[in-house]
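Student: I have a structure I would like to understand better, so I am pasting it below and will then ask my questions one at a time.
The values are calculated or read from the model by the stated rules, or taken from the named source; none is laboratory data. Remember, predicted model here, so these are calculated numbers, not experimental data. Methodologically, a virtual Cβ is constructed for each residue, glycine included, from the backbone with ideal geometry; neighbour enumeration extends over all protein chains shown. When the accessible area is computed, the model is the full protein with side chains, heavy atoms only, and any ligands, DNA or RNA have been set aside. Shrake-Rupley method; radii C 1.70, N 1.55, O 1.52, S 1.80 Å.
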Amino acid sequence: SWVLLVIDRDIEELTAMVQRARRAVVFTGAGMSTESGIPDFRSPGGFWTRYKPIEFSAFMSSEEARREAWKRFFAIHENLSAARPGAGHRVISELMRRGHVSHVITQNIDGLHAASGVPPDRIIELHGNGTYAACLGCGKRHELAWARDELELKGRTPACIGCGGIVKSATISFGQAMPEQEMADARAATLNADLFLALGSSLQVFPAAGFPVMAKQNRAQLVIVNREATGLDGLADLVVHAELGDVLSALLARLALTSTN
Ligand code: NAD
C-alpha cells in the first residue's frame, strides 16, 4: 500500500543513518515498552491517568501519602515484574553490539533495556528504576520484597535499616529533583552523539525531552519514531509515525542485508 511504501523509504533512510553511526544515542519513552504489556503514560483509562500523582514533598512529609504511594507502586509493579523485553528492545541491544550505539538514555523505570542485554554502564535511567527501592537519606539499596513485608506484615512504611531514613522505590516522583549523575551522563552521551534516535516518547516531559533538542543543536542527526506526532517532530531530520517493533525489526533486517553485501 501507499503507507507501507512511504514507511519503506523511511526505513531505508533510517538504515543508512544507523549504518554510518558510531556513537548513536537511543532515547526511549514509555512507548518502547507498550509491546511488552506496560501501558504508556497517556493512554486513556491507563493506570497512570486514573490517579493524581503523589508529589515528592507529600511523600516526604506525610506517613499517609507514603502508605498510599507504596500501595500504588506495588499495583504498578505487578505489571512491571511480569514484563519481558520486546522485539524493539532486542534490536537496540543488537545495534549496540554491532558498534552503532553508544548509550541508551531512558525515561522508563521497567529495567527492560538491561533485561534485553544492554550492559548496565551503557544505560542511563533518567527517572530511576522500579525494580528496587532506596533510602532517601543515605542512598542504601533495599529490596522490594523487604519493603512489602514491612508494609503488609509489620504494618509500617519502610525505614532504612542503616540510618533510619525514609525508603522509597528508586523511581523519580513528580516534584523530585532529577538524579545529578544521570543528567550529567546523559548530557555527555548526547554531546558525543553522531545520531540521536528518540523512540516511543511524546517528548513533552522536560527536562528529559531537552536531550533531543541538545543533540540537534550540537549537529547530530535527529530521528523520531513514534505512533503519533510529538512536540519535536518539526526539529527532526527523519520522523516515522509507526509501531516501534515493526520499524526496528525492519531496520535490523535491512542492516543485516546491506552489511553482508
Ligand atoms: P508518554 O506516555 O508521554 O509517550 C509515549 C508515546 O509512545 C506516545 O506518544 C505513544 O503514542 C507512543 N507509543 C506507544 N506505544 C507505541 C508503539 N508500540 N510504537 C510507537 N509509538 C508508541 O511517555 P514518555 O514520553 O516516556 O513520558 C511518560 C513518563 O511516565 C516518563 O517519564 C516515564 O518515566 C513514565 N512511565 C514509564 C513507563 C515504563 O517504565 N515502561 C510506563 C509509563 C510511564
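Student: Can you confirm whether residue 147 is among the small types (Gly, Ala, Ser) and either in contact with a Pro (Cβ under 9 Å, 6 or more places away or on another chain) or within 11 Å of the ligand (Cβ to nearest atom) (or both)? Explain how you work it out, then say what you get.
Tutor: Values: among the small types (Gly, Ala, Ser): yes; either in contact with a Pro (Cβ under 9 Å, 6 or more places away or on another chain) or within 11 Å of the ligand (Cβ to nearest atom) (or both): yes.
In short, yes.
Student: Please specify each residue of the range 54-68 satisfying the condition of being outside any helix (DSSP H, G or I) and in contact (Cβ under 8 Å) with a residue 12 or more places away in the chain. Even if it seems obvious, please write down each step before you answer.
Tutor: Here is the first cut: in the range 54-68, the ones outside any helix (DSSP H, G or I) are 54-55, 62.
Selection gives 54, 55.
Student: Another one. Run down 244, 238 and say which single residue is more than 11 Å from the ligand (Cβ to nearest atom) and in contact with a strand residue (DSSP E or B) (Cβ under 9 Å, 6 or more places away or on another chain). Working first, answer last.
Tutor: Details: 244 fails: more than 11 Å from the ligand (Cβ to nearest atom).
None of the other options fit; the residue is 238.
Student: Follow-up. Checking residue 141 against (1) in contact (Cβ under 8 Å) with a residue 40 or more places away in the chain; (2) open to solvent by 60 Å² or more (accessible area, probe 1.4 Å), which single condition isn't satisfied?
Tutor: (1)
Student: Also: Residue check, residue 256 against (1) within 24 Å of residue 85 (Cα to Cα); (2) within 16 Å of the ligand (Cβ to nearest atom); (3) free of Cβ contacts under 8 Å to residues at least 12 places away in the same chain; (4) hydrophobic (A, V, I, L, M, F, W, C), all met but one. Which one?
Tutor: Exception for residue 256: condition (2).
Student: Related question: How many residues, within the range 133-145, are among the hydrophobic types (A, V, I, L, M, F, W, C), touching a strand residue (DSSP E or B) at 6+ places or on another chain (Cβ under 8 Å) and not in a strand (DSSP E or B)? Let's see the steps before the verdict.
Tutor: Kept after step one, since they are among the hydrophobic types (A, V, I, L, M, F, W, C), are these residues of the range 133-145: 133-136, 138, 144-145.
Of the ones still in play, those that are also touching a strand residue (DSSP E or B) at 6+ places or on another chain (Cβ under 8 Å) are 133-136, 144.
Going one step further and asking which of them are not in a strand (DSSP E or B), we end up with 136, 144.
Matching residues across the range 133-145 total 2.
Student: Counting just the residues of the range 218-256 that are among the acidic types (Asp, Glu) and farther than 17 Å from residue 19 by Cβ, which one comes out least open to solvent (accessible area, probe 1.4 Å)?
Tutor: Our first condition is that a residue be among the acidic types (Asp, Glu); within the range 218-256, this holds for 228, 233, 237, 243, 246.
Narrowing further to those that are farther than 17 Å from residue 19 by Cβ: 228, 233, 243, 246.
Details: 228: 113, 233: 31, 243: 65, 246: 106 Å².
Taking the candidates together, the pick is 233.
Student: Among the residues of the range 20-73, what is the count of those that are at pLDDT 90 or above, closer than 28 Å to residue 90 by Cβ and open to solvent by less than 30 Å² (accessible area, probe 1.4 Å)? Please lay out each step first, then the result.
Tutor: The first filter runs over the range 20-73 and keeps only residues at pLDDT 90 or above, leaving 20-38, 54-73.
Restricting the remaining residues to those that are closer than 28 Å to residue 90 by Cβ gives 20-38, 73.
Subset that is open to solvent by less than 30 Å² (accessible area, probe 1.4 Å): 21, 24-29, 31-33, 36, 38, 73.
The qualifying residues number 13.
Student: Quick check on my filter: what residues within the range 8-43 are near the ligand (Cβ under 7 Å from one of its atoms) and β-branched (Val, Ile, Thr)?
Tutor: 34, 38
Student: Looking at the range 75-104, which of the residues that are over 23 Å from residue 243 (Cα atoms) and within 15 Å of the ligand (Cβ to nearest atom) is surrounded by the fewest Cβ atoms within 10 Å (Cβ to Cβ)?
Tutor: Ranking the qualifying residues of the range 75-104, first place goes to 78.
Student: Give the range 111-130 a look and list any residue that's open to solvent by 20 Å² or more (accessible area, probe 1.4 Å) and within 8 Å of the ligand (Cβ to nearest atom), or say none.
Tutor: 127, the sole residue that qualifies.
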